[in-house]
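What follows is calculated from the coordinates using simple rules that are stated; it is not laboratory data. Note that this is a predicted model, so its numbers are computed, not measured. All Cβ positions, even for glycine, are placed from backbone atoms using ideal geometry, and neighbour counts span all protein chains on display.
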There are 2 protein chains.
Amino acid sequence: MAKRVDHIGILVSNLDEAIKLYEDCFDVQVEKVETISEQGVKAAILSLAQGAKLELLEPLPGSNMAGVLEKRGEGLHHITLEVDDVDKELSRLSRRVELIDKKPRHGLEGMVAFIHPKSLRGVLVELCQKI
Amino acid sequence: MAKRVDHIGILVSNLDEAIKLYEDCFDVQVEKVETISEQGVKAAILSLAQGAKLELLEPLPGSNMAGVLEKRGEGLHHITLEVDDVDKELSRLSRRVELIDKKPRHGLEGMVAFIHPKSLRGVLVELCQKI
């Protein structure tokens, strides 16, 4: 089962500008900035005083995510739910929804797997198990 | 300043079906279901074990939100950040971003105000002060 929303992924065209904007508007703290080549993004994790974080994502040139940005524009991209055991959840959910990742892969903060948005009313959901 | 993500708004075409799906997939609990005529939606608040909640939103027939659903389809719609004083935040933010609501209005869980997504990299942000 999902324990909590770990973070909300937001697609942006320029990470540095977006970080400054969100810092200025909402007083968030930059926790880390990292390139995740496997997912085709440069990502920044922004934390609030408590709870779910914001993850700003700038696509790397030529990546799939660059195509997503071009097609859909900036904005909300996915939500990430923390689970205790991502393998177990994938196995349970595989009977209910279409999985993008049949096996977990390495993400910014643990092992992750994505569920197809068409199975979840248009919402791209990432499951994450902290390691 | 924003304290935390209160909830994530998800636009759906059928609230009852969406509630069942999210209950089945993620073991969320339905906290309340209510019609918010002012916002043109029937809404369900779903809570996880901790932290930010999910808010499923089905547009009322003929509402502005029905038009949004038709145009954009189902999916992530907004994020709601809890603040201590929504009036004060609106005043501070009005110099930085375009506000949809210049004054707070009644929402499902307090006084709320929306910021225009074009000011925030495509993300519709709702500020909420609990009452």
Which translational diffusion coefficient, to the nearest whole µm²/s, is obtained for the stretch A:29-79 from the Stokes-Einstein equation, given a Kirkwood hydrodynamic radius over C-alpha pairs, 4 °C and 1.567 mPa s? 111 µm²/s
Restricting the count to DSSP beta bridges whose residues both fall in the protein assembly as shown, what percent are antiparallel, rounded to a multiple of 5? 75 percent
To two decimal places, what compactness ratio does chain B give when its Cα radius of gyration is scaled by 2.2 N^0.38 Å? 1.03
Run the quick spin-label model on residue A:118 and residue B:60: label points 7 Å from Cα toward the beta carbon, then report their separation in nm to one decimal. 3.4 nm
Distance cut-off 18 Å, Cα to Cα: go down the list A:42/A:118; A:20/B:118; A:3/A:118; A:3/A:130; A:103/A:130 and report the pairs above it. A:42/A:118; A:3/A:118
DSSP beta bridges in chain B, what fraction antiparallel, as a percent rounded to 5? 75 percent
Nm distances between the label at residue A:13 and the same-position labels in the remaining copies, 7 Å along Cα→Cβ, shortest first? 3.1
Dividing the helical contributions, -39500 (n - 2.57) per DSSP H run of n ≥ 4, by the residues of the protein assembly as shown yields a 222 nm value, nearest 500 deg cm²/dmol, of -6500 deg cm²/dmol
Of all DSSP beta bridges in the stretch A:55-131, antiparallel share, percent nearest 5: 70 percent
Among A:99, A:113, A:25, which residue has its Cα furthest toward the positive end of the charge dipole of chain A, with +1 on Lys/Arg Cβ and -1 on Asp/Glu Cβ? A:99
Could you let me know the centre-to-centre spacing of the stretch B:65-84 and the stretch A:84-131, using Cα atoms, in angstrom? 23 Å
